[in-house]
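*Asks:* There's a structure below that I have some questions on.
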2 protein chains.
Amino acid sequence: MGNADYDEYPISSMNGEMRKKHPVEIPPPQSFFKSLKNTVKETLFPDDPLRQFKNQPPRRKFLLGLQYFFPIFEWGPRYTFDFFKSDLIAGITIASLAIPQGISYAKLANLPPILGLYSSFVPPLVYAVMGSSRDLAVGTVAVASLLIGSMLGDQVNPTENPTLYLHLALTATFFAGVFEAALGIFRLGFIVDFLSHATIVGFMGGAATVVILQQLKGILGLNHFTQSTDIISVLRSVFTQTHEIGELKKGLNPLSITNLSFGGAYLSTAIKTGIVTGVVSLAEGIAVGRSFAMYKNYNIDGNKEMIAFGPFSRSAVNFNAGCKTAVSNIVMALAVMVTLLVLTPLFHYTPLVVLSSIIVSAMFGLIDYKAAIHLWHVDKFDFLVCMSAYFGVVFASVEIGLVIAVALSLLRVLLFVARPRTLVLGNIPDSKIYRNIEQYPNTDTVEGVLILDLGAPIYFTNSSYLRERITRWIDDEEDKLKSSGETLQYVILDMGAVSNIDTSGISMLEETKKNLDRRDLKLVLANPGAEVMKKLNKSKFIETLGQEWIFLTVGEAVESCNYMLHSCKPKSGTDGSFSNNV
Amino acid sequence: MGNADYDEYPISSMNGEMRKKHPVEIPPPQSFFKSLKNTVKETLFPDDPLRQFKNQPPRRKFLLGLQYFFPIFEWGPRYTFDFFKSDLIAGITIASLAIPQGISYAKLANLPPILGLYSSFVPPLVYAVMGSSRDLAVGTVAVASLLIGSMLGDQVNPTENPTLYLHLALTATFFAGVFEAALGIFRLGFIVDFLSHATIVGFMGGAATVVILQQLKGILGLNHFTQSTDIISVLRSVFTQTHEIGELKKGLNPLSITNLSFGGAYLSTAIKTGIVTGVVSLAEGIAVGRSFAMYKNYNIDGNKEMIAFGPFSRSAVNFNAGCKTAVSNIVMALAVMVTLLVLTPLFHYTPLVVLSSIIVSAMFGLIDYKAAIHLWHVDKFDFLVCMSAYFGVVFASVEIGLVIAVALSLLRVLLFVARPRTLVLGNIPDSKIYRNIEQYPNTDTVEGVLILDLGAPIYFTNSSYLRERITRWIDDEEDKLKSSGETLQYVILDMGAVSNIDTSGISMLEETKKNLDRRDLKLVLANPGAEVMKKLNKSKFIETLGQEWIFLTVGEAVESCNYMLHSCKPKSGTDGSFSNNV
């Protein structure tokens, strides 16, 4: 064992020369197109959708392809009567929820109530054939309805100009669909990843709060309510008003394609509404689908979700009602169709108060205050993002809340990239391990050597900062040493976390080296990764620095520095802890 | 030595239990405000401007403060006659360059030539008192002039409406100044860091190309030239035109504050132009100032630069002419003033051809094709950014080129955050070191153990990706092992590069653990940092995982896995390489 360990460290031979046992490898050159292909694959196809097609005969490939695009072919052949019984019960259960919810959510979007029912009839059939989650119950979504109602209501008054408003709403939904499908086809599912969990918690809570306030209209029986969604306008409207009951038409809807309006002054509003609605619905839907996938151990494919469709809070009911496959969606669609054809007149008498109450009770479930408390405990910045989204939605508007929360989340990511945390490392006693001296206060510093861990890849966004920060660490260390009469000789940069570097980063290293040379200090690199070594080699920085000053581990670098300190520049007052290597 | 090494690794006592010598520490709780203060300090004050004020008596503090805001107080008292001689020569040298350049650059911005001279007269005096670089020669900048000419020229024709154009140009410059000062006062210098070196090389080259094309007007003696800056419009204009000589007025300029126009339809254009000009000039100026600072070993303070002023290509001349302090700027300002008062009539006869030639020769120096070749060799993506900026400026417009280049640069940073590179680690023979198997092809894999290096902090932007990627690594490994009849038992995540984690990231770890549990695999963490340990602790993930499954190094984690594999689940066919620990 002692032997094996001995091999790890630089060996000083009799004549005082030093050789390293573990050189740092420069990876073999890779063609530009191969590495480009790799990057594109990891960026756009992280789920490796063609994985299961590998090494399969052509007939099997065709079947797998069909199953990939239409999962119904996957579970269809294995479908049993037992599954159907479960799905029937689940389907009827969610239909009984879908009908009043559909009507209520249509009212949220200021649309004729019957449109809410149509949306619980056609989309589930599409999803049953193309969607990848077995639990998602597809239909109207509270947040999407609210977004449409709020963003379009700003531009067009739905009571004064109902036809234009309806056309705009349908156009916006059309664009939401086109946008979602485009994201899916171009494999841009990762855009949805930029809405963090904290953003969604805050945003949904804020939207739910606004909806509850809006429903004061129905519950208190008010007329002439405000279309604005901010809390001040709503509270002002509460203190004003007579009673009104939504009237429902009967029958199936003709195709609404002729109602899309692609011209006119409001097209950009419709597109904007469509995009915002599409992204938010997707983010919500994927999050919901994912949490159910957790329990049943299958994967949700974000990109397929987008092509097929979105999201829902009704999914929980579907799941609890024991659904087995997407057939529950078909059952629900049939139930809603029967309702549309036969039972609609009954809903004529559903009082607005009831609809409002349904909405309010559903909304309370969306205000996830426990999640907000959890965020506060674990991550203050996430809590800030969450609260910004919440108050942005409640006090300003849905879009403003969303923009603030996304901007804050991105700012944090950019700040991490712009201001990575550099750490000073120390030696963990009786080992060759070097760790952050703040986390491990019992570490020992190494005399004459400053060890810095650069905590992130070095890009143009942080190269200036890192240059300044390294200089400051050195200044601090020299100030500290001045009192004890020691001098700093080596600066070791631990590159373990530097997964990549760009040309600005290389310039930073070159300037740092010049700066250290001027101060009579020696720059040493430890543990640079493959990408970094490749670029440092191409830019000739390795030649400038000297290959012998690049080490595989911080431990080896320190050994060598100590060896040089004690054999080449003999000084008094050394602690001798590494003298067994001299 | 063998002893010291033995202490690093888990020790199995007689009764088969295991204890670790090096626990992973959870850092002591830190108050929210203390850590907030720290973050704000590193973000906004990375240069630690108050550093020199520490532990100083109040009188000294006042003097240092005065010197900080007005560096003239620092070098003023030490100023000698020798310095003055150098500065005098440098000042006259740059004045001889500043006068024709000022006139030329004013023409670039479609402004009366004399304005170019004014700008070489007042700003240098301000900079001499407040700026931090001793070499920067302040005056008009080619790129800023071009930006103003191009952005405003799109909206207002300078020949048809010269007064409005002049007012807008002055308003834009005013906003550029306000914006720069605001960035400096609010310590937002890091915004400039988002313009990478590659962006600036491409952008400057493109701008210079456009300027050279524009000067075909002067050199070929054309009239009625296009105001557009794209290559097609310019070439079309070249084939059309009589001669024209810029006329210069004499005397000093009255204060131009009354010429600012804050109302009217063009205010937003003026503001936009001002902000773009401000940022680009600053980025250029700081880059130039920094490279001179390299040679003379002092630091440029980005935030102070912004308060005091910007940039220049004339700085190189100043530096080469042997300037010692900013007094060279004062000398230049005086020389320009004399020119304005006395010599202007002489410049009346400077032919436009001469002005154009001055501009063209200066511009050729800005097309840094060698830097572009270097980018191609070292970093293909940086080359792409550079070329996008270049062709965007040349074929579309200055703003479009800038926007494309910044967007591409940011996209790369965001992609790094959204798609970090995960690596499989293997054991370097005869050591306890674990490194990337692609970089070190001679590493050995450890039977039954998959070791993954998560290459970046885990944030909401990459948590979905990482979950999918980890699953895919495990699938691949199990496929590989299937043929040899072995089974995977442990998945070790090396968290060395995970400098931080947010709540989405913690959820990812929780889901990964559930997923592994279902597949009968054990999740093991190695080397989590201070921030990560703190948050994993607060979110109870450490409890869920079990403190005993968190190790200080990958080596220790592998030792423990091997110990468990060989002592708790005895199997045949083990390689026995770690059996000395059992």
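Values quoted throughout were computed directly from the atomic coordinates according to the rules given, and no laboratory measurement underlies them. What you see is a predicted model; the values in this text were computed from it and never measured. Neighbour counts are summed over all protein chains in view; Cβ atoms, including those assigned to glycine, are modelled from backbone coordinates with ideal geometry.
*Asks:* Say R0 is 45 Å: what FRET efficiency, to the nearest 0.05, do B:LEU267 and B:PHE364 get from their beta-carbon distance?
*Replies:* Efficiency, rounded to the nearest 0.05: 0.75.
*Asks:* Mind ranking B:543-549, A:383-389 by how tightly packed they are, going by the mean number of other C-beta atoms within 10 angstrom, highest first?
*Replies:* Details: B:543-549: 13.6, A:383-389: 25.0.
Ranking the peptides B:543-549, A:383-389 by packing returns A:383-389, B:543-549.
*Asks:* Let me ask another. Calculated FRET efficiency, A:PHE83 and A:ILE245, Cβ-Cβ r, R0 56 Å, to nearest 0.05? Numbers along the way, then the final one.
*Replies:* Numbers: r = 41 Å, r/R0 = 0.73.
With R0 = 56 Å, the Cβ-Cβ based efficiency is 0.85.
*Asks:* Right, another one. What distance in nm lies between label points placed 7 Å from Cα along the C-beta direction at B:LYS61 and A:THR43?
*Replies:* 5.1 nm
*Asks:* Separate question: So the label point goes 7 Å from the Cα of B:GLU478 along Cα→C-beta, right? Which residues of region B:420-454 then have their backbone N under 15 Å from it?
*Replies:* Residues passing the 15 Å test: B:448-450.
*Asks:* Sticking with this structure for a sec: For B:PRO441, which inter-copy label distances result when the label point lies 7 Å beyond Cα on the Cα-to-Cβ vector, reported in nm to one decimal and in ascending order?
*Replies:* Ordered by increasing distance: 4.9 nm.
*Asks:* Taking each residue in B:405-417, count the Cβ atoms of any other chain within 10 Å of its Cβ, then average. What number comes out? Display every interim value, and only then the final one.
*Replies:* Values: counts 0, 0, 0, 0, 5, 4, 0, 5, 11, 6, 4, 8, 9.
Whole-number average of other-chain Cβ neighbours for B:405-417 is 4.
*Asks:* Over the whole of B:430-441, what's the average partner chain Cβ count within 10 Å per residue? Rounded to a whole number, please. Don't skip to the end; give the middle numbers.
*Replies:* Working: counts 8, 10, 6, 7, 0, 9, 5, 0, 6, 12, 7, 3.
What the average comes to for B:430-441 is 6.
*Asks:* Put a dot 7 Å past each Cα toward the Cβ at B:VAL342 and A:SER357; how far apart are the dots in nm?
*Replies:* 9.6 nm
*Asks:* Which of rounded, prolate or oblate describes region B:426-513 when judged by the alpha-carbon gyration tensor and an a/c cut-off of 1.5?
*Replies:* Values: a/c = 2.49, a/b = 1.45, b/c = 1.71.
Since a/c reaches 1.5 but b/c is at least a/b, the shape of region B:426-513 is classed as oblate.
*Asks:* Related question: If the label for B:SER484 sits 7 angstrom from Cα along the Cα-to-Cβ line, what are its distances to the same label in every other copy, in nm to one decimal, shortest first?
*Replies:* 4.8
*Asks:* Give the peptides B:491-498, A:411-418, B:200-207, B:420-427 in descending order of average Cβ contacts within 10 Å, highest first. Show your work: numbers first, answer last.
*Replies:* Numbers: B:491-498: 24.6, A:411-418: 19.6, B:200-207: 27.9, B:420-427: 21.8.
Put in order of decreasing packing, that is B:200-207, B:491-498, B:420-427, A:411-418.
*Asks:* Using only atoms on other chains, find how many Cβ atoms lie within 10 Å of each Cβ of peptide A:457-467 and report the average.
*Replies:* Working: counts 8, 0, 7, 13, 9, 4, 3, 11, 7, 1, 3.
So the per-residue partner count for this stretch is 6.
*Asks:* Also, I was wondering about something else. Measure up A:LYS535/B:LYS370; A:LYS480/B:LYS34; A:LYS534/B:LYS380 against 19 Å on the Cα-Cα distance and list the ones that go over. Spell out each step's value before the answer.
*Replies:* Values: A:LYS535/B:LYS370 17 Å; A:LYS480/B:LYS34 23 Å; A:LYS534/B:LYS380 12 Å.
From the list (A:LYS535/B:LYS370; A:LYS480/B:LYS34; A:LYS534/B:LYS380), the Cα-Cα distance tops 19 Å for A:LYS480/B:LYS34.
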